[in-house]
1. Cβ-Cβ distance below 6 Å, separation of 6 or more or different chains: which pairs start in the range 1-16 with a residue that is touching a residue at least 60 places away in the same chain (Cβ under 8 Å) and among the basic types (Lys, Arg) and end on one that is more than 7 Å from the ligand (Cβ to nearest atom) and in a helix (DSSP H, G or I)?
2. Consider Thr121 against the criteria (1) more than 21 Å from Cys27 (Cβ to Cβ); (2) in contact with a Leu (Cβ under 6 Å, 6 or more places away or on another chain); (3) hydroxyl-bearing (Ser, Thr, Tyr): it satisfies all of them except one. Which criterion is unmet?
3. Could you pull out every one of the strands (runs of 3 or more DSSP E) wholly within the range 1-93 that has 2 or more residues that are within 14 Å of the ligand (Cβ to nearest atom) and over 23 Å from Val142 (Cα atoms)?
4. Can you confirm whether the range 149-156 contains a residue that is under 20 Å from Leu65 (Cα atoms), touching a Phe, Trp or Tyr at 6+ places or on another chain (Cβ under 8 Å) and surrounded by 12 or more Cβ atoms within 10 Å (Cβ to Cβ)?
5. Within the set of pairs 6 or more residues apart or between chains, which connect a residue that is under 17 Å from Val206 (Cα atoms) and among the β-branched types (Val, Ile, Thr) inside the range 165-182 to a residue that is assigned to a helix (DSSP H, G or I) and at pLDDT 95 or above with Cβ atoms less than 7 Å apart?
Amino acid sequence: MNKRIAIIGGGNLGTAIAEGLISSRFCKPADITITKRNTATLQSLAKKGVVVTPDNAAAVRSSGLVILAVKPFQVADVLGNLRSAFTQQHMLASVVTGVLTGELLDILKKKIPVCRAMPNTAIAIRESMTCLSFSHAVPEQVDYVKRLFETVGKVAVIDEKLMDAATVLGACGTAYAMRYIRANIQGGIEIGFDAVTANLIAAQTVKGAAELLLQKGTHPEQEIDKVTTPKGCTIAGLNEMEHQGFSSSLIKGIATSYQKIIKG
Ligand SMILES: NC(=O)c1ccc[n+]([C@@H]2O[C@H](COP(=O)([O-])OP(=O)(O)OC[C@H]3O[C@@H](n4cnc5c(N)ncnc54)[C@H](OP(=O)(O)O)[C@@H]3O)[C@@H](O)[C@H]2O)c1
């Protein structure tokens, strides 16, 4: 597979992927071509040696992997115009939300290897959770695309039928976590902290809690057991949160987001 990479749609996500690939040294800047109609906003990437162009077809022809990062309503037009540029040697990786592999292949009128990727906004700081699904890809291609997205965070390979669920847990999940942190800040101010200090304590505490799970592979309840002294303040607060519907409200929120996504 030609290891040059084309990113079609150099917006928030396309740019973040290019930055991740360069800073992790996954490939040389000159091996990346990134496109958008107004290329003025891509000058910092051009200065690093990335090929910047409005010519999508030229970008596809010069590359083996094509990352599609335009808005969902732009897919039919953009991919439709690239039909003749794609060959069986290409692999398409789409980060576009809600456009199925079958729809992408219908537009292309070709059966080529396709990956769907669902990252989240932490991709901007290379801490994304990215769920990937593959169709018609050989193990070497799967491994290559996994390593690519590992340059901007953690990766899980899933069945495409779980992509909506991945959108809720992984992408909407950032908003749920922000609300949890915001509530901690509000509580922290009520018990005496200024807003800036409360923000720092709440955000770093959540980051540390998440790192405990990621690095030690433990279950949250094991870590909770370590901080809940019998008759202590932590268990008293936790139980009150549960009496008020804490876990239940989160589960219901996740299920509601999922229903919204599948019913449209
Ligand atoms: N942001 C996220 O965290 C996130 C997470 C998961 C999935 N997604 C998905 O990722 C996709 C991109 O999201 P985004 O936030 O990066 O959007 P965005 O910032 O609007 O980027 C889309 C880019 O596509 C370019 N574009 C439009 N028409 C084009 C064309 N004909 N040829 C080449 N480039 C073209 C636009 O630039 P010009 O107008 O200059 O052409 C724009 O910069 C969306 O489908 C979204 O659903 C985003």
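The values are calculated or read from the model by the stated rules, or taken from the named source; none is laboratory data. Since the model is a prediction, treat every value here as computed from it, not as a measurement. When we count neighbours, we look across all protein chains shown, and the Cβ atoms used for this are built from the backbone with ideal geometry, even at glycine.
1. Arg4/Asp31
2. All conditions are met except number (2).
3. 51-53
4. Looking through the range 149-156, at least one residue is under 20 Å from Leu65 (Cα atoms), touching a Phe, Trp or Tyr at 6+ places or on another chain (Cβ under 8 Å) and surrounded by 12 or more Cβ atoms within 10 Å (Cβ to Cβ).
5. Listed by first residue and then by second, the contacts come to Ile181/Ala202; Ile181/Ala203; Ile181/Val206.
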